[in-house]
Every structure is written in structure tokens, then in C-alpha cells.
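For reference, the structure is listed below as C-alpha cells.
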Amino acid sequence: MQLYKSQTLKVYNSLTGKKEVFKPINEGHIGMYVCGPTVYSNVHLGNCRTFMSFDMIFRYLKHLGYKVRYVRNITDAGHLVDDAEDGEDKIAKKARLEQLEPMEVVQRYTVDFHNILEKFNFLPPSIEPTATGHIIEQIEIIKEILDKGYAYEINGSVYFDVKKFNESHDYGKLSGRKLEDMIANTRELAAQDDKRSPQDFALWKKAEPQHIMRWPSPWGDGFPGWHLECTAMSTKYLGETFDIHGGGMDLKFPHHECEIAQSEASHGHSPVNYWLHANMLTLNGKKMAKSTGNNILPGEIFSGENKILSKAFSPSVVRFFMMQAHYTSILDLSNDALLASEKGYGKLMDAIETLKGLDTGTSSDFQILEWKQQCYDAMNDDFNTPILIANLFEAVKHINLIKEGKETITNEDKELLTQVINAFVFDVLGLENKSMGANDSSKLSGVVELLIELRNDARANKDFATSDKIRDQLTALGIQLKDGKEGTTFSVS
RNA sequence: GGCAUCGUGGCCGAGUGGCUAGGCGCAGCUCUGCAAAAGCUUGUACAGCGGUUCGAAUCCGCUCGAUGCCUCCA
């Protein structure tokens, strides 16, 4: 039997503002769409957090036995740099600045994006479609919206008529905005453009002669509006209504609001049952911004080449750090916080190593089944990874007590514990055991075992000068010796 | 200016109308030749001011502060 039949998953739906029992449209199957990156520069860490949250969600849904089609797009066209006047595409602008073909920019940063995600141990999505690969689908949707009367064409561009749409639909229901308020608060300096009202947004933009990214359309050469690709691609691969749509909080308005409007206008019904929004990452309590220098790239964390952190941190440690916070909370990254996570991560991994070699007995002091359900309860409560991790540390405590001979565990329970802990740590949280222990390279392991033996001989002879020299020099090399009841083990940092 | 979210102990970060979150750090103890590791024990909280309640950090109001959105943005 699939796990989802016995576990009740609840998710926080941004659309209703409530935690709701999750029920897919087709039993056993889930369609999930997440807004991916615009590939005009290196992915920054905040981006990674959002995608990591949905990677974890994807992993847990799969763990529960669902068949998930996870679509995460690559935006390689369509996002405007400024509003009306030059109408220049972000990608095109970067291409001009770097003297590259637009697709060269796209390729470079797509590769960077994939590299970083791989380091973070992301699962690849089921489909990773690009905006430029779906121009035809986007044009089709524009036609439908025009046919239904919710858009107008002017000077080779097509705009979505928000006011008209709002007469029969609720524009703003996701972000809790009222069109009247938006109109009242419109800034004065709205530049000259063809829009009937500032709230309207472009479905198709006419390309000026110098604009290098352009496609033919019924309205002339141009390029698609910046919200349309997600509607086109989610509809194509997941259908007109699908289960989960995710993205960063900052996309709630206007991006996701516009997606809803486009879908409702063209298809006549709401596109998504559960809207999930991942929250922002701040750096030292402030928002990340290139302009202020309060910014860090994932690669700079892994290499340690940055001015913000005292040392390098591995992708797994960063992942563990992010999993220690709930995905809907703002998370603040700082040196102290990463340092603390690194220690905790090491403790967890050490315990998983210890578990392998644990002696078993005739009874268990640790109620594994009860604990196991607590782990599921945590994840079922809107993917509460911090609580899951707290539960994992409960297990760590027992593992260490058993190792010290203060508690016992049966063989059967040990196997169950191993299975559950591996499932949650590696499959669901997506952590990797990069801190090698004795299972690392056998040569290193052999050498350290030899040194441990020599040290123990020295200790037996009360030659503490020699034994301390071995221990201290190994420590200096990053190899920590751990004396226990059952002998000495080591870990490499 | 408008909308939204949030404000927890030395740091990070869960949660909740009355019952230990957890990690890191600090202190004491056990173990150790000494340490480290591990275990045990302990302290320091719920932004401020009012209100609802038998009882609120948890609900309501106000104030202050932070973050996000309102223009592309995970």
C-alpha cells in the first residue's frame, strides 16, 4: 500500500490562507509547477532556497508514493528590464552588454544553474521547459484571451485588460489586493505607453527594430509578455487545472496573480488547487542585494572566497541549514548560523555512521514506531522540516546511548531505525554524507587505523607524549579521533 | 504612501490558549592519563502597551521595528 493512503498531508494554501488537507485531482498522481529562474546571471542563494524548498516537497511527495510530474521552467526570454519605453528584454540587455548572442547568455547561466543545483543534490524536475521553446503555445493563449474579450491589441502589442477581467472575476484574490486600491495608488509617473490602464499587463510586446529577441506573430514581430510562459507551459504539461503551483513569495504579485487571470480568461476556470509560496532568504538580517554588496553566490560559499563568511561551507551543510527552517518563514543566513548548522549536521552524520555498527540486544529502550510516526506527522504538517530534524536528533541521542551501552535495541528495531532515518535524511531532506568516516578511502582509513593502534600502544605504556603527538597532529590535519567504550573511531572534516 | 507577512532565550529556529521543540554556544557533572567525542543536569524567552479569558508568548487593538510586494526579481 502506498504511504499516502495512511498519511494525511496538510499544506498551507496561499490562495485560501489556510492549511488544507491535500487531495490530488487524480488519486496517486500529482502535477506540480514551480516558476524557475531567469537565466541572465548566476543563480543566487535566495533562488536556491526557493528551489530547494520545492525539491524537498517533490522528494516527500514521491516518498509518500505519489507519481509526481514536476515541471520547473527556465525563463530565457520575455522579462522586461524597464516598463514601457525601451521595452528591452533582460536577456537581450545582458547580451548587448556582454557582446554575446542572447542564447549564449542563456546557455551560460543555465549551465551555471544546473551545476549549482547538482552540488546541492537536487533531483532533476520531470520536465524543464524553456520560454523560447513555447512561443507558439503562448501565441495560442493570447488568441484565446483576445477571443474572449479580455485583451486588446494596439500598435503591434497585446495587453491584458485587467479592469474588464475584474468585472466578472476577482483580480487580486491571491495577493489580497483590490483593483480599486491599486488604481488609487498608481504612481504618477506612468510612462507613455499604449496600455489603457497602468494595471494592464503585456501579453505580447512589439519588437523595436534594434530588439534582437523577436518572433513573428499575428500582431507583427515581437516577444511574449512576462507572465505568459508559465501559463502556456503549465497548461501544456499539466493541464488546465493542476494540483500544486509553487514559487517564491515575491512572485505572488504580480506574476502569479497574472497567471491566474490569464488562465481564467482563456480557460474559464482557476488553474491551480494549491498555491505554495516559499519565503525569502536574508543575509545578516538584510535583504540580499547586489547594489549594497549584501549578496553571496553559492559558489562563493562552497569555496570560502567571500567577505561575509569566515570559512567555506559544503553544499550539504548549507542544505541542512536551510532545512532547519520552515519553508514559509524568512530565513536569515549568517556566519554563526552556518557554523552552528555545520556542527549539528556533523553530529547527525556521525550518528548515522555509528548506527551501522551498533550491537543489538533482546529489547529496545526506544519506541521506534512511535518515533517514526512523529517524523511523518512533522512532514505531514505542511512539510515541517525543522520538527522533522528535531525528531531526528531524538534518534541521534538514542543511537549514542546505545553505543555507550546505556540503552539497548533489538535487531529488528535497528533495521527499522536505519531504514527510516535513511529515508528521511537522504531521500526526503536530500542530505548527503560528505563527511567521510571510516567508510571513505580505504587507504586513508588503513593509515589512520594504524596510527590509532600506535597511539593506543603508547597510551598502554604511559608514553603520553607520543600518544598526544599522534592525536594532536591528526587533529591539525582535520582528522578527529574519538575515544569510546568500544575503541577509537575517527572522522574527517 | 498602500497591501502582506513577521518580531521567541547569547545565536539560529519550531510551536502553541494551560503540558520539554530542536541545533549551536555557556556552566556543572560522568567518562578520560589529560583532552576531544558522547551522555546527564541546569540557567537565560516569547518587541512594547492595553484588552478578551479562570488562564495568553499563543486571540483582539494600538505603538514601535523588520522583511517582502506595489517596477523585473525565488
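The values are calculated or read from the model by the stated rules, or taken from the named source; none is laboratory data. All figures in this text were calculated on a predicted structure; none of them were measured in a lab. Please note: Cβ atoms are built from the backbone with ideal geometry, for glycine as well, and neighbour counts cover all protein chains shown. All accessible areas refer to the heavy atoms of the entire protein, side chains included, with ligands and DNA or RNA removed. Shrake-Rupley method; radii C 1.70, N 1.55, O 1.52, S 1.80 Å.
Below is a table of values for the structure above.
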| item | result |
| --- | --- |
| Length gained when the stretch A:Glu180-A:Asp336 is fully extended (0.36 nm per residue, less Cα-Cα span) | 51.6 nm |
| Region A:91-180 - Rg over Rh from alpha carbon coordinates, Kirkwood radius | 1.11 |
| 40 Å tail of the calculated P(r), chain A, as % of Cα pairs | 33 |
| Rounded to 5, the percent of DSSP beta bridges in region A:3-278 classed as antiparallel | 50 |
| Degrees between helix A:442-460 axis and first principal axis of chain A (Cα, 0 to 90, nearest 10) | 40 |
| Mean-position separation - Cα centroids, region A:343-397 and region A:227-277, in angstrom | 38 |
| Positive-end residue of A:Gly268, A:Thr488, A:Leu331, charge dipole of chain A with Cβ unit charges | A:Thr488 |
| FRET efficiency for A:Phe253 and A:Gln367, using Cβ-Cβ distance with R0 set to 51 Å, rounded to 0.05 | 0.65 |
| Per residue accessible area in Å² of chain A, where ligands, DNA and RNA are left out and the probe is 1.4 Å | 46 |
| Cα-based equivalent ellipsoid, region A:442-492: semi-axes from gyration tensor eigenvalues, Å | 17, 12, 10 |
| Inter-site label distance for A:Val111 and A:Ile387 at 7 Å from Cα along Cβ, in nm | 4.5 |
| Nearest-ten-degree value, helix A:368-380 long axis tilted from longest Cα axis of chain A | 20 |
| Degrees between helix A:464-476 axis and first principal axis of chain A (Cα, 0 to 90, nearest 10) | 10 |
| Helical contribution to [θ] at 222 nm, DSSP H n ≥ 4, -39,500 (n - 2.57), averaged over chain A, rounded to 500 | -13500 deg cm²/dmol |
| Accessible-area composition of chain A, carbon plus sulfur, in percent [1.4 Å probe] | 49 |
